[in-house]
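What follows is a set of notes on a single structure, which appears directly below.
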4 protein chains.
Amino acid sequence: MPVTSQRLNIVTTLDYALPVPAQVLMQIGVARLPDQRILGETLDIGGLPVAIHVAAHGGVGERAWLTPDSALQVRYEAQIDITRETLPLANLFADALTVLPADAIEYLLPSRYCPVDTLHAASMEMFGNLAGGAAVEAACDWIGSHLSYVPGASHGGTTAIDTFHSREGVCRDYAHLLVTLVRGIGIPARVVSAYAPGVNPPDFHALVQVWLAGGWRLVDATGMADPAQTAIIGIGRDAADISFLTIFGSAFLNEQAVSVELA
Amino acid sequence: MPVTSQRLNIVTTLDYALPVPAQVLMQIGVARLPDQRILGETLDIGGLPVAIHVAAHGGVGERAWLTPDSALQVRYEAQIDITRETLPLANLFADALTVLPADAIEYLLPSRYCPVDTLHAASMEMFGNLAGGAAVEAACDWIGSHLSYVPGASHGGTTAIDTFHSREGVCRDYAHLLVTLVRGIGIPARVVSAYAPGVNPPDFHALVQVWLAGGWRLVDATGMADPAQTAIIGIGRDAADISFLTIFGSAFLNEQAVSVELA
Amino acid sequence: MPVTSQRLNIVTTLDYALPVPAQVLMQIGVARLPDQRILGETLDIGGLPVAIHVAAHGGVGERAWLTPDSALQVRYEAQIDITRETLPLANLFADALTVLPADAIEYLLPSRYCPVDTLHAASMEMFGNLAGGAAVEAACDWIGSHLSYVPGASHGGTTAIDTFHSREGVCRDYAHLLVTLVRGIGIPARVVSAYAPGVNPPDFHALVQVWLAGGWRLVDATGMADPAQTAIIGIGRDAADISFLTIFGSAFLNEQAVSVELA
Amino acid sequence: MPVTSQRLNIVTTLDYALPVPAQVLMQIGVARLPDQRILGETLDIGGLPVAIHVAAHGGVGERAWLTPDSALQVRYEAQIDITRETLPLANLFADALTVLPADAIEYLLPSRYCPVDTLHAASMEMFGNLAGGAAVEAACDWIGSHLSYVPGASHGGTTAIDTFHSREGVCRDYAHLLVTLVRGIGIPARVVSAYAPGVNPPDFHALVQVWLAGGWRLVDATGMADPAQTAIIGIGRDAADISFLTIFGSAFLNEQAVSVELA
């Protein structure tokens, strides 16, 4: 399968007001990965005195600690070349658990928004008789035919169980439900924050990586983004790990914009 | 403070029946750590054909993959010297978030049984005006005076919110609630599985590590175990990460015993 | 269909210890209803000074207020003739909502352990295309083939959602799930406390009444009891309304026994 | 205390579109009660063929069944005289449970959005040492000082536990939390739907009735409405019982307006 390179132009601006000084963990930069090359990148944190960079969850990407007093104004620009081989999932096999890399094991287990233990029986009943990639595709299809994409339908505490029942949500909810169903049949799955063209309304996007046939495979439960055109920011067990901003304190949104264009 | 070495003799036996072959992730061995030295150790997995060892969560300890067909019979014996300095927590300061090691950050975030986001307001109200170790001690005291230790009161899905309201549980519930309250005021906290004398009824034990003054400090929310006499098995975000057995399939308990004696 | 009378001999004994005086709402007596005739009945409340009797939820049966100081020792005996016509549900039609009696409407709505709103989409998907009694029978069949009867698997806070996912529980959990699924497709359903032979282990039993073809129809989601041999105690929206003892204060169980025999 | 009559002019308009015909239970009319007199009242249901009126929950007010095909357009106008004695709560005693009217008992028990069982320990700890009306006032004060009124912060499934932790919501959430805390200390409490001037943004309002000193006492946990100027529509165990529209089917809001003015 020929792999064509895709070039993305990304511009992100954040503008928040803080009632009192806070510590903010930010992860908005595209990760350095073999299948996505950063041609150029600038980060303007609005004159904040310091940003301390640390490795992000799972070693994918980097986070910055910011310490704004009253305003958080950030502009990030990047030009990225994506050269990602995207295999059809249906024919990929699931690895025996015993041969998984040690750091994939945590992506089999329950997490804050992905209570795998609770949804285990339903997962097995719906998809447990299918093999590997075919099961993942069937789970995607179920989500596609049962969920409605409704901005505002979910909130910060919405779990995959909530979404399984309410049948509406946004990209993060779609991702949580897919992750939970896939882990529920014994396949590692994790959540991916990303920039992708075609996301409507434009915003940070959430996709899923599933471990099949010896590697992580990127899939979008919402169907809005093409994994071959998606720039990965970070990965995690669920949304708790990949927030673009985790604010220790409080902050009010003034304005926020994400633009992702195919060059 | 003089640190006296403590010697523990540990014997663990597990006996489970499996209706069909399963893949089992086991973590019952004492971790190799600077403050606990393994004098001798044997693991008998009852003639199972193979055990694949992989690094455990956070790099503390090791897990084994077992693939039993119909029976899981395990005997683990170890003799351990603990030489752990246990500082009084009350005077330890909390590090600024920005100087935390990168791999401590995940222990600030919500996890399956520790929904920090939900309990954040209550945590701040109860303990947010205290500093570092004093806040952790106050949280321990609150738990000690409000919770009753009731075997059978909780179940596999019990979260720290459930325990916060029901006010009863076992070591794992005590640990989850302490972790959630401590993360809720911006201090990293994680769950520790361990062997400790004095646990009643004798069993695997769950304690908590909090990050204070540049290091992980071990504390027992139940008050049953002395951190200076506790042999750490593994660590994790919550019980999901530190199960002594995670069974992919199903299994029935025949018999299980944990003995931990001061030598 | 000939309706044969069934005679039941019932003996119930309760023995609780109270740390401090409490107010206790008790509902253990067989309700006076056209299809169950009380031949004889005695209630011994162990010398407690007074019992105030009030109408029970929905006007079915009676409750007694007891005010024990330190011990609650009760013995109830009754001999009952049941003459209940039990139609096959499958052919019974569902009434239009607009012709329901006013006091049936609350049994369409969500309640503490029957969160109809949450399970609505799944209910409609599974049973919404079937008519009336056929839908109720299909819901019973689904429960029968998916749930395991496991004493101790549930607890006081277990809801129908929990049971829908865990797929195990006792009679109360079976009843809650059936009620929730049936309300979810727009048919009134309520929980019934009762005495029935064949319950194993012997205990108070919980069944369900569904409103079909102009009347309440009794059905047992567990399949253990025969509605034609069941003596109704009380009805309610869910278990919150039909507890045999609701204790305002605290109490410890010494001993409790329920015996129900066909005469 | 002299009781002055208050006159209210109420105009409510509802405009919903329905994708397919539905059955709708509507409760928007002011209830006939001794302390609120209906001077004039008109209900225009937009030419819908029929409205069947039935008694509402607890016998307070009336509901109408509507059967719209594609549009639900309603206009309700009323002029009401309120002559309600509003005693200061602080000095009112709580009745012994044993003397409560039988139909008050259900308002002691857990319901869908008021899981009294879960919040019982916290209720007792915070307010259990206060008597009757003083405890209710203290619970109101706690809510007033801990919750923020934030339209959109809650959703259809939000319970009093959610609000207890999130500390934000709208009138229905304030009411649910107050009801849950008050029931938690053994005082009957129920939710009231009403028209009240001063509600901002203008809408149907939710208040609370608590049973103190032999009667139901009206109180507004939000502090926005004056019970002496409030026209009661209906009462219930929680919001499930007092929805102004319960739609069996689906509907989309075009427009809705509630105007309540002091004459």
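The values are calculated or read from the model by the stated rules, or taken from the named source; none is laboratory data. All values reported here derive from a predicted model rather than from experimental measurement. Using ideal geometry, Cβ is built from the backbone for each residue, glycine included, and neighbour counts are taken over all protein chains shown.
Applying the set (1) at positive phi; (2) of a type outside the set (Asp, Glu); (3) touching a helix residue (DSSP H, G or I) at 6+ places or on another chain (Cβ under 7 Å) to C:Gly132 leaves exactly one unmet item: (3).
Here the condition is being surrounded by 19 or more Cβ atoms within 10 Å (Cβ to Cβ) and more than 30 Å from B:Phe127 (Cβ to Cβ); of B:Ala94, B:Ala22, it holds for B:Ala22 alone. Considering the conditions (1) assigned to a strand (DSSP E or B); (2) free of Cβ contacts under 8 Å to residues at least 12 places away in the same chain, B:Ala206 is excluded by exactly one of them, (2). When region C:157-173 is limited to residues that are farther than 15 Å from C:Ser111 by Cβ and under 17 Å from the mean Cα position of the chain (by Cα), the one that is nearest to the other protein chains (Cβ to nearest Cβ) turns out to be C:Gly169. Candidates in region B:174-201 are the residues that are within 14 Å of chain D (Cβ to nearest Cβ) and out of contact with any Phe, Trp or Tyr (no Cβ under 7 Å at 6 or more places or on another chain); of these, the one that is nearest to B:Cys140 (Cα to Cα) is B:Thr180.
When region A:21-51 is filtered for residues that are more than 20 Å from A:Ala251 (Cα to Cα) and either β-branched (Val, Ile, Thr) or assigned to a loop (DSSP other than H, G, I, E, B) (or both), the ones remaining, listed by number, are A:Gly29, A:Val30, A:Ala31, A:Arg32, A:Pro34, A:Asp35, A:Ile38, A:Thr42. Could you go through region B:1-13 and let me know if any residue there is within 14 Å of chain A (Cβ to nearest Cβ) and either more than 30 Å from A:His57 (Cα to Cα) or part of a strand (DSSP E or B) (or both). No, because not a single residue in region B:1-13 is within 14 Å of chain A (Cβ to nearest Cβ) and either more than 30 Å from A:His57 (Cα to Cα) or part of a strand (DSSP E or B) (or both). Scanning region B:35-43 turns up no residue that is under 19 Å from B:Pro188 (Cβ atoms) and either within 14 Å of another protein chain (Cβ to nearest Cβ) or over 18 Å from the mean Cα position of the chain (by Cα) (or both). Among the residues of region D:96-108, not a single one is over 30 Å from C:Arg63 (Cα atoms) and among the hydroxyl-bearing types (Ser, Thr, Tyr). Could you tell me whether region D:232-249 includes any residue that is away from every other protein chain (no Cβ under 14 Å) and either among the β-branched types (Val, Ile, Thr) or buried (at least 22 other Cβ atoms within 10 Å of the Cβ) (or both)? Yes, there is a match, as at least one residue in region D:232-249 is away from every other protein chain (no Cβ under 14 Å) and either among the β-branched types (Val, Ile, Thr) or buried (at least 22 other Cβ atoms within 10 Å of the Cβ) (or both).
All of B:Gly214, B:Gly198 fail the test of being at pLDDT below 95 and touching an Asp or Glu at 6+ places or on another chain (Cβ under 8 Å), apart from B:Gly198.
Would you say D:Ile105 is more than 29 Å from D:Val199 (Cα to Cα), buried (at least 19 other Cβ atoms within 10 Å of the Cβ) and either assigned by TED's automatic domain parsing to the domain that holds D:Gly223 or without any contact (Cβ under 8 Å) to a residue 40 or more places away in the chain (or both)? Judged against the criteria, D:Ile105 is a match.
I'd like the residue in region C:57-95 that is in contact with a Ser or Thr (Cβ under 6 Å, 6 or more places away or on another chain) and of a type outside the set (Asp, Glu) and, out of all such residues, is farthest from the other protein chains (Cβ to nearest Cβ). Looking at residues that are in contact with a Ser or Thr (Cβ under 6 Å, 6 or more places away or on another chain) and of a type outside the set (Asp, Glu), I get C:Thr83.
If the condition is being of a type outside the set (A, V, I, L, M) and either touching a Gly at 6+ places or on another chain (Cβ under 8 Å) or not assigned by TED's automatic domain parsing to the domain that holds D:Leu119 (or both), then region D:153-165 contributes D:Ser154, D:Thr158, D:Asp162, D:Thr163. Just one residue in the set B:Ala51, B:Ala56 is on the phi < 0 side of the Ramachandran plot and surrounded by 21 or more Cβ atoms within 10 Å (Cβ to Cβ); that residue is B:Ala56. Here A:Leu72 passes the criteria (1) crowded, with 18+ Cβ neighbours inside 10 Å; (2) under 18 Å from the mean Cα position of the chain (by Cα) except the one numbered (2). Residue pairs whose Cβ atoms lie under 6 Å apart, separated by 6 or more positions or on different chains, with the first residue in region B:237-263 and within 13 Å of B:Ala71 (Cβ to Cβ) and the second of a type in the set (A, V, I, L, M, F, W, C) and surrounded by fewer than 18 Cβ atoms within 10 Å (Cβ to Cβ), are B:Ala251/B:Leu18; B:Phe252/B:Ala17; B:Asn254/B:Ala17. In region D:115-129, the residue that is farthest from D:Tyr174 (Cα to Cα) out of those that are within 8 Å of chain C (Cβ to nearest Cβ) and touching a residue at least 12 places away in the same chain (Cβ under 8 Å) is D:Thr118.
D:Gly132 fulfils the conditions (1) without any contact (Cβ under 8 Å) to a residue 60 or more places away in the chain; (2) away from every other protein chain (no Cβ under 12 Å); (3) more than 18 Å from D:Tyr174 (Cβ to Cβ) except for a single criterion, (1).
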